[in-house]
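Take a look at the structure below.
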Amino acid sequence: MNLLLPFGWLYGQAANLRNTLYDRGFFASHSLGARTISIGNITLGGTGKTPLVALVAEILSDNGEKVCILTRGYGRVNPKERVLVSDGQNVLVDAKTGGDEPVELAHKLGGKAVVVADADRVSAAKWALEKFGVTAFVLDDGFQHRRAKRDLDIVCIDATDPFGGSRVLPAGRLREPLENLNRADAVVITRANLSGNIEDLRSEISDLNPRAAIFLADNSITRVVPLEEFHAKTQSSQSRLASETGWERLRSEGDPNNVDEEVSLMAFCALGNPDSFFFMLEDKFEEELMDEFDLSVRKKFPDHHIYTQKDIDLLEKQAKDCRIDAFLTTAKDAVKLKGLKFEVPCYVVEIDTVISEPDEFHALITAS
């Protein structure tokens, strides 16, 4: 018996009451003054949302919009402070100040989006509108942030764990009762390539919300780049270098005297769903890189973990004991590793979202 069920019921009732007060106008929702797209979750934890936020911002930017991403910035040292993470050209703060995901987005979208971390996204939007002439806002993790009006509400659902046990916090991982998915205008099923029951999940989502457009998304590994170059180069330089030489550089980390031996790798991350990263690596190696790499060791840290040199020293001790040739980590982790010293080479795995029906999705995002 789950002893937390009564608390989950109470949490769900409170969430429903709050939604009712917004629906009936007792709580006000405020226009941000420009087209606003919210991308969020109905469950707690990693659903592959950040790559989708980046994709939406990129689509809007390529369509001629001046884009601003509004995010709370979890894990930053002063969560009540407004932080300009990126002015649309430069990354202005580190992950401790701006939060790991906002800084990751700023790195990925250099030149394509302003990024602001602020718990009060209505106030932040007004400020960004005046300062940067924003014409489109993307609300990161905005499904429950009903104080901000939105023109499009997108919810990410992780195909590998769609509804977090179908229980509301703290009994499960739902942030609100599942029937509230009916607020969504569109649902993106992320990590669709890692699940075998997509059609059943599609049907379940359609039963909950018949009007929502449903898209499938694969979060796929597109590039790998040495950590020092991830920090040293512009994003355009990173992408070009990584696509041309990243895997070749990683291959060279093995024993040059034994060309037939696999390169032994240790992957580490601090994600809401760390296993999804490890699964993606395994698929990449099995499908494309065959017997060249051996993912020998996996290490998980708590989501939003702030790394210290002691963490790295312990990782390197384990790596040496296990005869590891190189580390692999994510861009979200990499932004928190700047200034830390590695003796074992560390590579950053960059992940993009690929939508199953890109033309339809593009039309949805750019609709006026």
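The values are calculated or read from the model by the stated rules, or taken from the named source; none is laboratory data. Keep in mind the model is a prediction, meaning the values are calculated, not measured. A quick note on method: Cβ atoms are made from the backbone with ideal geometry, for glycine too, and the neighbour counts reach across all protein chains shown. Note: accessible area is taken over every heavy atom of the protein model, side chains too, but ligands, DNA and RNA are not part of it. Shrake-Rupley method; radii C 1.70, N 1.55, O 1.52, S 1.80 Å.
Say we look at segment 268-293 and pick out the residues that are crowded, with 20+ Cβ neighbours inside 10 Å and touching a Phe, Trp or Tyr at 6+ places or on another chain (Cβ under 7 Å); which of these is farthest from residue 324 (Cα to Cα)? Per the stated criteria, the residue is 271. What do you reckon, is residue 36 open to solvent by less than 60 Å² (accessible area, probe 1.4 Å), under 25 Å from residue 191 (Cβ atoms), outside any helix (DSSP H, G or I) and not aromatic (Phe, Trp, Tyr)? It is false that residue 36 is open to solvent by less than 60 Å² (accessible area, probe 1.4 Å), under 25 Å from residue 191 (Cβ atoms), outside any helix (DSSP H, G or I) and not aromatic (Phe, Trp, Tyr).
Take residue 143 and tell me if it is modelled with pLDDT of 95 or more, open to solvent by less than 10 Å² (accessible area, probe 1.4 Å), among the aromatic types (Phe, Trp, Tyr) and touching a Leu at 6+ places or on another chain (Cβ under 6 Å). Against the criterion (modelled with pLDDT of 95 or more, open to solvent by less than 10 Å² (accessible area, probe 1.4 Å), among the aromatic types (Phe, Trp, Tyr) and touching a Leu at 6+ places or on another chain (Cβ under 6 Å)), residue 143 does not qualify. Here residue 107 fulfils each of the conditions (1) touching a helix residue (DSSP H, G or I) at 6+ places or on another chain (Cβ under 7 Å); (2) over 30 Å from residue 163 (Cβ atoms); (3) free of Cβ contacts under 8 Å to residues at least 60 places away in the same chain apart from (3). On the basis of being open to solvent by 30 Å² or more (accessible area, probe 1.4 Å), touching a residue at least 24 places away in the same chain (Cβ under 8 Å) and polar (S, T, N, Q), does residue 160 make the cut? Spelling it out, residue 160 is indeed open to solvent by 30 Å² or more (accessible area, probe 1.4 Å), touching a residue at least 24 places away in the same chain (Cβ under 8 Å) and polar (S, T, N, Q). Please name all residue pairs, on different chains or six or more residues apart, with Cβ atoms under 6 Å, provided the first residue is in segment 61-87 and is under 15 Å from residue 120 (Cα atoms) and at pLDDT 95 or above and the second residue is aliphatic (A, V, I, L, M) and open to solvent by 70 Å² or more (accessible area, probe 1.4 Å). Listed by first residue and then by second, the contacts come to 84/92. For segment 300-319, a residue qualifies if it is more than 18 Å from the chain's Cα centre (by Cα), among the aliphatic types (A, V, I, L, M) and open to solvent by 50 Å² or more (accessible area, probe 1.4 Å), and exactly one does: 314.
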